[in-house]
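Structure first, commentary second.
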Amino acid sequence: MEITDRTPNMIFDYGLFLLDKNLQGSGHSLSEWTSMPQVQQDWQSRTLNSLIADQLNYNQDDERTELGGRLPKLNADQCVSYDRIIASVDSREG
């Protein structure tokens, strides 16, 4: 998930999150230094695994163009399957 509403405070807070992550790798935590500012946001839930992020980093316009060229080539059975899958995704059924 790319964060598009970056502010200086968010960047600072994310830096604290990264610092805390590095400290945790050596058995420590930012919370051990009470005079230091602490992480305010839940960055762990806002950041993605880099492999997932790579897969989500695609050009949506290019994908729509590709879809527009491929849909007319589907046979009747493929169209039925495609429509069922899209309906399931749109209705959040699975």
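The values are calculated or read from the model by the stated rules, or taken from the named source; none is laboratory data. Worth saying up front: this structure is predicted, and the values here are computed from it rather than measured. With ideal geometry, Cβ positions are generated from the backbone for all residues, glycine too; neighbour counts draw on all protein chains shown.
General observations
- Whenever a residue of region 47-64 is closer than 21 Å to Ile11 by Cβ, its partners that are at pLDDT 70 or above and not small (Gly, Ala, Ser), lying with C-beta atoms within less than 8 angstrom and at least six residues away or across chains, give the pairs Leu48/Leu56.
- Condition check for Glu66: part of a loop (DSSP other than H, G, I, E, B), over 18 Å from the mean Cα position of the chain (by Cα) and not assigned by TED's automatic domain parsing to the domain that holds Thr7: no
- Test: Tyr82 is assigned to a helix (DSSP H, G or I) and touching a residue at least 24 places away in the same chain (Cβ under 8 Å): no
- Test: Val89 is assigned to a helix (DSSP H, G or I), surrounded by 11 or more Cβ atoms within 10 Å (Cβ to Cβ) and free of Cβ contacts under 8 Å to residues at least 24 places away in the same chain: no
- In region 4-47, the qualifying residues are those that are among the β-branched types (Val, Ile, Thr) and outside any helix (DSSP H, G or I), and the one that is modelled with the lowest pLDDT is Thr4.
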